[in-house]
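Structure first, then comments.
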Amino acid sequence: MTEFAPVPEFATGPAIPESGYRVTELGEGAYGITSGMVNTMFLVTRNGVVVVDAPPDLGERLLMGIEEVTSKPITHLIYSHAHADHIGSAHLLARDGLTIIAHEITARFIEKAHDANRPLPNETFAGPSNALTIDDERFVFDYTGDWHQAGNLFIHLPERKILTAIDSFTVKNAPFFRLLFAPHVPAYFDAMDQMLEYDFDTVVSGHMAMFGTPEDVQTNREYLRDLRSSATEALRTVDLREASAAVGVPDNNRQAQLKVWMDAVVARAAELMPASWNTRLGGTDIFLADNLNAVAWSVFMD
Ligand SMILES: [Zn+2]
């Protein structure tokens, strides 16, 4: 098995109790909940509970976590985006009278997925922005670009200073895989700037056990910038023909040349990354090559 660096203590987050979930108060009536692998939030209002997403890794434990702090009914469910790993337990919350809110693009994805565990939203909006007041609590929904999946939302609770930005980054850790599967890398980079324009103290970003701060977003942005400058320099200095010749790829195998070249670009870029990141973020060893591959192709093509 592959050797991984031990998880640094700052990147681990709090221990998850035996129940399999942990509820954290994020201000009066606002709660974060995590299974350790995924996280989300809910808000207890005057008459009920507004929940963002229903990740299968929490499953029934999302309901247990809510019941732990209130006996009020769930009145609203907001979909951050259409991915099953975040909303694939929504059927557990579904009942008559539940309002499910999402961007209309998210609704279209769900429609095509034909997944009984992801009930269709019954309140959708088009365009870049929408706001709702639910029981005197203000929710702002912004669709600023395809930084994770078309239809993905920033969900801002301005009075609570909470920003929910599911799958935007991983608190105290390097981004998962290829920048959390960003479909358009420039939009992913822009998302960090967009997040920092909000007034918030806490960011709920969808994975692992921790909730973040604006400083965590800044750190991720700084990491992205280092990925980009390392990839840019590697692209400038690693030559396709030299890289292919070095490992004996035949001249007529152009696809293999491309593959060998990009692997060499990634390897060179990895060497150029400041070593200090290994003590600033967890998971850098796990995801560095994937992230550099995504960034290098983007620098090359976008
Ligand atoms: Zn996702």
*At 0.36 nm per residue, minus the direct Cα-Cα distance, what do A275 and E60 gain on full extension? Give it in nm, one decimal, please.*
73.3 nm
*Of all accessible heavy-atom area on the chain, the percent that carbon and sulfur account for (1.4 Å)*: 51 percent
*Just subtract the alpha-carbon distance of A267 and T213 from 0.36 nm times their residue separation and send over the number in nm, one decimal.*
16.3 nm
*Out of H91, H114, H207, any idea which swings most in a Gaussian network model of the chain, alpha carbons joined below 10 Å?*
H114
*Go ahead and set up a Gaussian network model of the chain, Cα springs under 10 Å, then flag whichever of N47, N39, N253 fluctuates most.*
N253
_Going by amide H atoms built from the backbone, whose H comes under 5 Å of the H on V49, apart from near neighbours?_
I74, T75, H76
_Just to verify a number: FRET efficiency for D136 and E104, C-beta to C-beta distance, R0 = 22 Å, to 0.05?_
0.25
*Among F125, I33, A5, pick out the residue whose Cα is farthest towards the positive end of the charge dipole of the chain, where Lys and Arg carry +1 and Asp and Glu carry -1 on C-beta, about the Cα centre.*
A5
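The values are calculated or read from the model by the stated rules, or taken from the named source; none is laboratory data. Model, not experiment: these values are computed from the prediction. We place every Cβ from the backbone using ideal geometry, glycine too, and count neighbours over all the protein chains shown. In case anyone asks, the SASA skips ligands and DNA or RNA and just uses the protein heavy atoms, side chains included. Shrake-Rupley method; radii C 1.70, N 1.55, O 1.52, S 1.80 Å.
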